[in-house]
Amino acid sequence: MSKEQYIEFRHISKEFPGVKALNDINFTIKKGETHAILGENGAGKSTLLNILHGIYQPTDGELLIDGEKMSFDTANDAIRYGIAKVHQEINMVPEMTVAQNIALGNEPKKFGIIDFKKLNKDVEKVLQRLHCTIKPTDKTGDLTNGEMQILQIAKALYLNSKVLSLDEPTASLSTQETEILFEIIEELKEKGITILYISHRLDEIFRIADRATVMRDGKYIGTFEMKDMTKEKLIYNMVGRDVEMFATRQKPSRVDRGVEVMRVDNLSDDGMVKNVDFNLYKGEILGFFGLVGAGRTDVMRTVFGASKKKTGSISIHGKEVNIKNPTDAVKSGIALIPEDRKRQGFNYNLSNGENMALASLGNFTKYGLINHRKKLDQATKLLGSINLKPNDPNFMTANLSGGNQQKVVLGKWLSASGDIMIFDEPTKGIDVGAKAEIYALMEELLEQGKSIIMVSSELTEVMGMSDRIYVMKDGKITAEIDRNEFNEQMILTCALEENEV
């Protein structure tokens, strides 16, 4: 069979009740290439890969591998064939050893008992193949996120996988860990393993992908050689319209340097945060930038009362406030859109309308009873302003795309009527089209008289949207930079150096 047609999706369609998730998908994947699958949230990428991995069966069409028609009834069928997936969410048992996690469910046995000597020896070979310094006997819970991500790849190799799909694998990795991952991907490709790669970070796609297939609204748009593409062309194919490659302000600045809405002095916690000072002006987008582990999120959680403050003071509109918990923060007019929206931003078991009311239930409660009609009316009003899709207060938030889930979390805080909005990694894991909508919503909030703190690990984003930037390293602020002084090299230098302002 031709190397050019290793995996073939032939006229694949998939329908769910009321939704056609995939519509006549046709393209091929070459053996031993790194092939990116791109598209906005809701484009059908995950549904297509779930068919490859045996989680779904197509409504119409055929899947061929090496010219043979394949139909996997379960994910285990696909794994046994040699098709494995490395999930964005790390799925390891922290109490187990590295070897136990890698071989879980597939341990070598002798006389019906796990042969730990052979298990450790076999896993050691896989780890050496990945040039990994981790030992089979190490406790998994002691490893970094990057090391655990590599363990997931080791698990796939232990199962002799021929095809490996990675879904946003660098979302929680440091720059150094990302580089190690890319080196591993290159080595696997050289050994004939086929890599399918999903990421919203286009720089990564241009760095490691040989080709990219673009999907939009459940349809196949095209497959492109990356050496012939530009970011502008790729984005246009993904969204069907021109979208700014990077975050840019579309409206004039509304900063009023005469009105200080928040001041933080000498803030410390029992862990990462060390003597942090900063202030926020009315109508400002204040950026916080730093490398992974710099302490940006720790600062915001301490300000919001989610982490305990050790020293320091917080003043709102010139008056010192005592924020001991998130309830105190909300009463002070502070809202936090957290980095981990799935675990901290909304309740999986609630609808859009119910989630959007969580921070303001007092507005809908009388004599201890919730007025559900009033709550639903409020959610319906907000849905249009945040351009939620589907525009349905009764739709389950857990079933939305990442970008729309982020909008629900934002809607929750708009309902609470705070005037200081903290966005922690507001566009993490969402597509370029949804990013543009989030940026536009942030500018609308400024027009409504609110002020914004934006934490981001994407330098182009924080430079494009901020009026000022505080740079952090090791829990300290190392620089305060005004917009007219923004310089990429200088900001990165400040994120790496020890000196503090």
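Here are a few things to note about the model shown:
- Each of K310, K473 was scored by other Cβ atoms within 10 Å of its Cβ. Listed from fewest to most, they are K310, K473.
- Relative contact order (percent, whole number), the chain, Cα cutoff 8 Å, 6+ residue spacing: 15
- Sparse-neighbour loop sites [trypsin sites (Lys or Arg not before Pro); segment 213-281; at most 15 other C-beta within 10 Å; DSSP]: R241
- Partners of K121 within straight-line reach, counting aspartates and glutamates whose Cα lies under 14 Å from its Cα and excluding those fewer than 8 residues away in the same chain: E107, D138.
- Those lysines that a straight Cα-Cα span of less than 25 Å connects to K473, excepting residues fewer than 8 apart in one chain: K274, K308, K309, K310, K428
- Cα gyration tensor of segment 1-96 - equivalent ellipsoid semi-axes, whole Å, descending: 22, 19, 14
- Cα gyration tensor shape of segment 245-309, rounded if a/c is under 1.5, else prolate or oblate by comparing a/b with b/c: oblate
- Reachable lysines, given that their alpha-carbon falls under 18 Å from the alpha-carbon of K189 and they are not under 8 places away in the same chain: K3, K30, K31, K85, K155, K162, K227
- Measuring between alpha carbons in the structure, the pairs from K342/K450; K45/K381; K45/K435 lying more than 21 angstrom apart are K342/K450; K45/K381.
- Within the chain, antiparallel bridges make up roughly 60 percent of the DSSP beta bridges whose residues both belong there.
- Within segment 373-447, the proportion of C-alpha pairs whose separation exceeds 19 Å stands at 31%.
- Cubic angstrom per residue, convex hull over Cα atoms of segment 209-269: 231
- Footprinting exposure proxy ranking of D482, D210, fewest other C-beta atoms within 10 angstrom first, gives D482, D210.
- Ranked packing of 462-471, 341-350, 446-455, 393-402, most packed first, by mean Cβ within 10 Å: 462-471, 446-455, 393-402, 341-350
- If R0 equals 45 Å, the separation of the Cβ atoms of D474 and N387 corresponds to a calculated FRET efficiency of about 0.70.
- Kirkwood hydrodynamic radius of segment 373-501, from inverse mean 1/r over distinct Cα pairs, in Å: 16.3
- Taking amide H as placed 1.01 Å from N in the peptide plane, T365 has its amide H under 5 Å from the amide H of N371, each at least 5 places away in sequence or on another chain.
- Residue order, fewest to most surrounding Cβ atoms within 10 angstrom, among C132, C494: C132, C494
Taken together, the values in this text are just the output of simple stated rules run on the coordinates, not laboratory data. What you are looking at is a predicted structure, and each value in this text was computed from that prediction instead of being measured. Cβ coordinates were reconstructed from backbone atoms using ideal geometry, including for glycine residues, and neighbour counts include every protein chain displayed.
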